[in-house]
Structure formats: structure tokens, C-alpha cells
Amino acid sequence: MKKKFQSMNYNFIAVEGNIGSGKTSLASQIASDFKSELILESFSDNPFLPTFYKDPEKSSFSLELFFMSERYHQLKDKISSDLFFNNKISDYFFMKSRIFAKTNLQRDELLLFEKLFDIMLASLPAPDLLVYLHSDIKRLQANIRKRGREYEQNIKDSYLESIQYSYFDYLKKQNKSAVLIIDITDADFVNDLNTYTEIKRLISKKYTVGSTNKIIL
């Protein structure tokens with residue numbers, strides 16, 4: 001068995017947040033510093049993503065099914081087989097599929113989607129720690145413009161608000177993971193070492209499963 005890095009209190013950490021919140025940037029740096037295996041979502045492989053933002057009703061079901069399938073297979077392969085042998089940090093968690101589906105799918109589509117989702121969810125572990133990065137909509141839009149993905153440039157504030165609502169609704173009700181909500185609206189952990197160091201300290205702490213811990217930076 002590989003030795004666990006001494007400052008890591010969790011086998012599996014997932015970093016989550018709205019579109020443009022900085023999930024991948026934080027997960028990548030934390031994984032490097034904690035000497036953990038990094039799991040990144042391959043969103044660019046989804047062929048329905050560009051068309052979804054142009055015509056959501058036409059491609060939303062295909063989009064969400066593709067994402068769910070890819071997330072399931074990646075997590076099943078990377079986590080389930082050796083979860084207790086290697087610490088792992090990902091920039092998403094499987095529940096993300098249900099959160100986005102509730103926003104994007106029609107009622108009949110959602111009923112079918114959730115039947116498939118529940119079958120997959122049963123064989124995947126929940127994160128020991130779920131780190132949720134929160135930013136206000138104005139900051140999210142600024143980050144989206146800055147990273148420059150063409151198909152994201154027309155995302156409406158109302159869409160980001162609906163995703164944000166769905167995340168917080170889930171976080172209020174869940175009891176499978178310890179939750180750390182970090183408000184980074186006025187913080188820059190990418191360019192400010194002190195801010196990043198504080199986030200790393202917060203992630204290093206031990207939280208109780210089912211608890212929700214909120215920090216404003």
C-alpha cells in the first residue's frame with residue numbers, strides 16, 4: 001500500500017463550483033501540493049457542447065447523457081478500484097450530472113435520465129470532502145470571458161443563477177460528504193499566494209461527514 005501524504009485527511013476530494021469558478025485550477029494545484037492523483041473532466045470531448053449553447057432544447061438530452069456516461073466511466077476506472085491506495089483529487093463529482101440535468105432537461109427527459117443516473121451512482125463512492133467554490137455571477141462572467149471559449153461567451157446570467165441555485169439546493173440536503181464552501185468572489189487564489197495558502201490550510205482540516213462549513217475569503 002502506498003503511503004498517504006501526511007497532510008491529507010481524505011482519500012477523495014472533489015472540487016466543484018459553477019461555470020468559471022476555477023475548479024480545474026484549484027484541483028490541479030492542490031493535487032500537486034498534496035502529492036495526489038489528479039482527475040480532470042474531459043469536457044472538450046463532448047461533441048454536443050458547442051451546439052447546446054446555440055440550441056439548448058435540441059441537444060440538452062444528448063449533452064447530459066454524454067457527460068454522465070463519461071464521468072461515470074472515468075470515476076469508475078480511476079477511483080473505485082484503488083480508492084484506499086492513492087489519494088485522489090478531481091475537478092468534478094458525479095452528482096454534477098444530476099444538478100445540471102435538473103436545469104437543462106424537460107420533465108420526461110429528466111425522469112429517464114435519473115433512472116440511469118441512480119443505477120450508476122450506486123456503484124460510485126461519494127467524495128470524502130466536497131470543496132465548493134462560490135463566486136457571484138459578475139465574477140463568473142468575467143472569468144468566462146477571460147478564458148475565451150467561444151461557445152461559452154453568450155451564457156446568460158439567468159443560466160448561471162439556475163446552476164448556482166441547484167448546487168446550493170443539493171448542498172443543503174446532502175449528508176454523504178463533508179462540505180467546504182469557499183466564497184472567492186473577492187479573492188484570487190491563482191495569483192495571490194496568501195489566498196491559495198489559506199485555501200490549502202482549510203482543505204487540510206478534518207471536517208465531519210454531512211457537515212457544511214462556509215468561509216468567505
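The values are calculated or read from the model by the stated rules, or taken from the named source; none is laboratory data. Everything numeric here is computed off the predicted structure, so don't read it as measured data. Positions of Cβ are backbone-derived with ideal geometry, glycine not excepted, and every protein chain shown enters the neighbour counts. Heavy atoms of the whole protein, side chains included, go into the accessibility calculation; ligands, DNA and RNA do not. Shrake-Rupley method; radii C 1.70, N 1.55, O 1.52, S 1.80 Å.
Strictly over 18 Å apart at the Cα level, which of Lys176/Lys206; Lys35/Lys205; Lys23/Lys88; Lys54/Lys138; Lys35/Lys78 would you flag in this model?
Values: Lys176/Lys206 15 Å; Lys35/Lys205 16 Å; Lys23/Lys88 15 Å; Lys54/Lys138 22 Å; Lys35/Lys78 16 Å.
Those over the limit are Lys54/Lys138.
For the stretch 11-52, what value does the Rg/Rh ratio take when both radii are computed over Cα atoms and Rh is the Kirkwood radius, given to two decimals? Intermediate results must be reported in sequence, preceding the final value.
Working: Rg = 12.4 Å, Rh = 11.8 Å.
Ratio of gyration radius to Kirkwood radius: 1.05.
Modelled this way, with points 7 Å down the Cα-to-C-beta line, the labels at Ser211 and Ser162 are 3.6 nm from one another.
In this calculation the C-beta distance from Leu193 to Ser62 is compared with R0 = 41 Å, giving a FRET efficiency of 0.45.
For the stretch 83-217, the share of accessible area belonging to carbon and sulfur comes to 52 percent (1.4 Å probe, ligands and nucleic acids excluded). A straight Cα-to-Cα reach below 22 Å connects Lys58 with the lysines Lys96, Lys102, Lys115, Lys156, residues fewer than 8 places away in its own chain not being considered. Modelled this way, with points 7 Å down the Cα-to-C-beta line, the labels at Glu37 and Leu111 are 3.9 nm from one another. A Förster radius of 30 Å, combined with the Cβ-Cβ distance separating Ser69 from Arg145, puts the computed FRET efficiency at roughly 0.50. Report summary: the helix-based calculation at 222 nm, which adds -39500 (n - 2.57) for every DSSP H run with n ≥ 4 and divides by the residues of the chain, gives -14500 deg cm²/dmol. For the pair Lys138 and Lys54, label points projected 7 Å from Cα toward Cβ lie 3.3 nm apart.
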